Each structure stands twice: as C-alpha cells, then as structure tokens.
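Asker: The structure that follows is given in the form of structure tokens.
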Amino acid sequence: MRRLERLTLGLVSSVVTVFIACCYGIPYAFSKGGKVVDAGTKLGIGGIRVSCADRSESTWADGSFYFAFHPGEPDCAALRFEDVDGADNGAYQPKLVEGVPPGEQRDLLVELDPVP
C-alpha cells in the first residue's frame, strides 16, 4: 500500500509541474526594465525604441520598458534609446547606455535630452 501511495504522489507531482509550465510558460532567466524620462521635466516619454543586441521594444505611454530573457539568451551590456515616433511625444536625441550590469535589472532610469 505504501508503494502505491508513493507512486501516486510522484505521478501527481510531475503532472502538476508540467501543468504549471504549460499555463505560465517557461520562466525567464532575468529581465531588464526601467523608465525613459525627459532630462528637463523628468516626465516619462512614450514611443522610444529600446534596443538590445538584435531585439527591440518600445516604451509604453508612461516611458516604461521591459525586456525578458529566456534561459540561454545572451545578456545586454548596452541599450540604445531612439525616438522613432517623430514629434508625437517630442523630439529627443538618441542615447547609448553602456555598462548595463549583467542579470536582473528592473530599475534603470534613462534621461533623454530634447533635440535643440
């Protein structure tokens, strides 16, 4: 009887683990995120392209951005910020931020200067 209980418990445990992975996806190894703000007003800027290696994302309306990296994907040591929406949210100079710490980073704050 004891052997049957252990077998059942092992089977249920493995099924639950697979079920969780199917529902929520493979967990991320780490992520990078933060906010892009105007250097003068400190208000968030939407529509800024954030690039890391061969990937890019756009900031949301409040200036926030987020990159999630799956296990085995290379980390970012530099992030490029470019204004791609024209004058919709103001015009800003591009910026390259190098020396981004490896691994998990969710509180990066990047200030962009307006185009003179």
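The values are calculated or read from the model by the stated rules, or taken from the named source; none is laboratory data. Being a predicted model, the structure only gives us computed values, none of them experimental. Please note: Cβ atoms are built from the backbone with ideal geometry, for glycine as well, and neighbour counts cover all protein chains shown.
Asker: Looking only at the range 43-74, filter to residues that are more than 11 Å from the chain's Cα centre (by Cα) and of a type in the set (Asp, Glu); which one of those is farthest from Ser31 (Cα to Cα)?
Answerer: Top of the filtered list is Asp62.
Asker: Something else: Which count do you get for residues in the range 83-116 that are within 19 Å of Gly46 (Cβ to Cβ), in a loop (DSSP other than H, G, I, E, B) and among the β-branched types (Val, Ile, Thr)?
Answerer: 2
Asker: Out of (1) modelled with pLDDT of 75 or more; (2) surrounded by fewer than 15 Cβ atoms within 10 Å (Cβ to Cβ); (3) of a type in the set (A, V, I, L, M, F, W, C), the odd one out for Val16 is which?
Answerer: (1)
Asker: Name the pairs: first residue in the range 93-106 and among the polar types (S, T, N, Q), second residue surrounded by 15 or more Cβ atoms within 10 Å (Cβ to Cβ), Cβ to Cβ under 9 Å, at least 6 apart or on different chains?
Answerer: Gln93/Asp83; Gln93/Leu112; Gln105/Phe30; Gln105/Lys32; Gln105/Gly33; Gln105/Gly34; Gln105/Cys76
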